[in-house]
Amino acid sequence: TLGIVVYPNPTKDVITIETRLEIEVELYDIMGKLMISKDSKRINLSDYPTGVYNLILIYNNKRYSKKVIKQ
């Protein structure tokens, strides 16, 4: 998807989003609750519980979804 790389996945703390595009990032928990919303390419999950999260990358008003696992 657009040459966007998300790593490491699974992660223990920080997720890095590698892209040259100007993106916004939203992170939702498994229940659909918005946890993080920002335009950063580094997401720190160290304070969040382990589990599966839904990472939404917003580019050009389109939303791309990626599952992220916090260990």
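Which is outside any strand (DSSP E or B) and within 11 Å of the chain's Cα centre (by Cα), of ASN54, ASN9?
ASN9
Any residue at all in the stretch 40-51 that is over 19 Å from TYR7 (Cβ atoms) and surrounded by 10 or more Cβ atoms within 10 Å (Cβ to Cβ)?
Checked the stretch 40-51: no residue is over 19 Å from TYR7 (Cβ atoms) and surrounded by 10 or more Cβ atoms within 10 Å (Cβ to Cβ).
Can you tell me which residue is farthest from ARG20 (Cα to Cα) among those in the stretch 52-71 that are loosely packed, with under 13 Cβ neighbours inside 10 Å and either in contact (Cβ under 8 Å) with a residue 12 or more places away in the chain or among the aromatic types (Phe, Trp, Tyr) (or both)?
GLN71
Among the residues of the stretch 22-33, count how many are open to solvent by less than 80 Å² (accessible area, probe 1.4 Å) and either under 14 Å from LYS66 (Cβ atoms) or part of a strand (DSSP E or B) (or both).
5
Output the qualifying pairs, or none if there are none: Cβ atoms under 8 angstrom, residues six or more apart or on different chains, first residue in the stretch 29-44 and over 18 Å from THR16 (Cα atoms) and touching a residue at least 24 places away in the same chain (Cβ under 8 Å), second residue exposed (fewer than 12 other Cβ atoms within 10 Å of the Cβ) and of a type in the set (A, V, I, L, M).
The qualifying pairs are ILE30/VAL52.
Taking the condition of being of a type outside the set (Ser, Thr, Tyr), under 11 Å from VAL68 (Cβ atoms) and outside any strand (DSSP E or B), how many residues in the stretch 34-51 meet it?
1
Please give the number of the condition GLY51 fails out of (1) in contact with a strand residue (DSSP E or B) (Cβ under 8 Å, 6 or more places away or on another chain); (2) at pLDDT below 95; (3) at positive phi.
Only one criterion in (1) in contact with a strand residue (DSSP E or B) (Cβ under 8 Å, 6 or more places away or on another chain); (2) at pLDDT below 95; (3) at positive phi is unmet by GLY51, namely (2).
The values are calculated or read from the model by the stated rules, or taken from the named source; none is laboratory data. Predicted model, so just to flag it, every value in this text is computed and none were measured. Positions of Cβ are backbone-derived with ideal geometry, glycine not excepted, and every protein chain shown enters the neighbour counts. For the accessible areas, the whole protein counts, side chains as well, though only heavy atoms, and no ligand, DNA or RNA atoms are used. Shrake-Rupley method; radii C 1.70, N 1.55, O 1.52, S 1.80 Å.
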